[in-house]
Amino acid sequence: MERVDKTNYYLDIAQTVAERGTCLRRNFGAIIVKHDEIISTGYNGAPRGRLNCSDRGSCRREILGVPKGQRYELCCSVHAEANCIISAPRSDMLGADLYLACLDAKTGRLYGAVEPCAMCKRMIINAGIERVIVRTAPNEYRIFLVSDWVDNDDSLGENDGY
């Protein structure tokens, strides 16, 4: 039996963490790894003590017909990347990697065409994370260099006249 490579090992863990997500649309799992050590994990869900969409049985954005990737302020969840960052000391995140996996909440299947939203990108930059590795298919992934977001990413709003 062939041993899984380290990147897919960590992506497998992130994908398992995503199974804890409480969104009715897509569930994300994130882990931060530095020097081959898991620093923290996070999945998307309502803030502690608040009712999750899965408990409520409805999604406000779904009811309003909001497309995926838009109007996150209407969502009651904290994103997986944010929960992961909240749970880790900044000193441990400097130069670390964040592994991210997404599952379709209705089918449980891997949903690979994702990347962190603009707000999560800002948090990842401020946390000092170096790379984000996103699972795109079983045993396949895409690597984002956080420095590229700092230098070239228009989704962060720097080039919109403000």
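The values are calculated or read from the model by the stated rules, or taken from the named source; none is laboratory data. Fair warning: this is a prediction, and the values are worked out from it, not measured in the lab. Please note that ligands, DNA and RNA were not included when accessible areas were found on the heavy atoms of the full protein model with its side chains. Shrake-Rupley method; radii C 1.70, N 1.55, O 1.52, S 1.80 Å.
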In deg cm²/dmol, rounded to the nearest 500, the helical mean residue ellipticity at 222 nm of the chain, built from -39500 (n - 2.57) for every DSSP H run of length 4 or more, is -7500 deg cm²/dmol
A 1.4 Å probe over the protein heavy atoms gives the chain a carbon and sulfur accessible-area percentage of 47
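Skip the ligands, DNA and RNA, and give the accessible area per residue of region 14-162 with a 1.4 Å probe, whole Å². Could the numbers behind the result be given before it?
Working: 8260 Å² over 149 residues.
On a per-residue basis, 55 Å².
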Would you kindly state how much longer the chain becomes between residue 154 and residue 6 on full extension, computed as 0.36 nm times their sequence separation minus their alpha carbon distance, in nm to one decimal?
50.1 nm
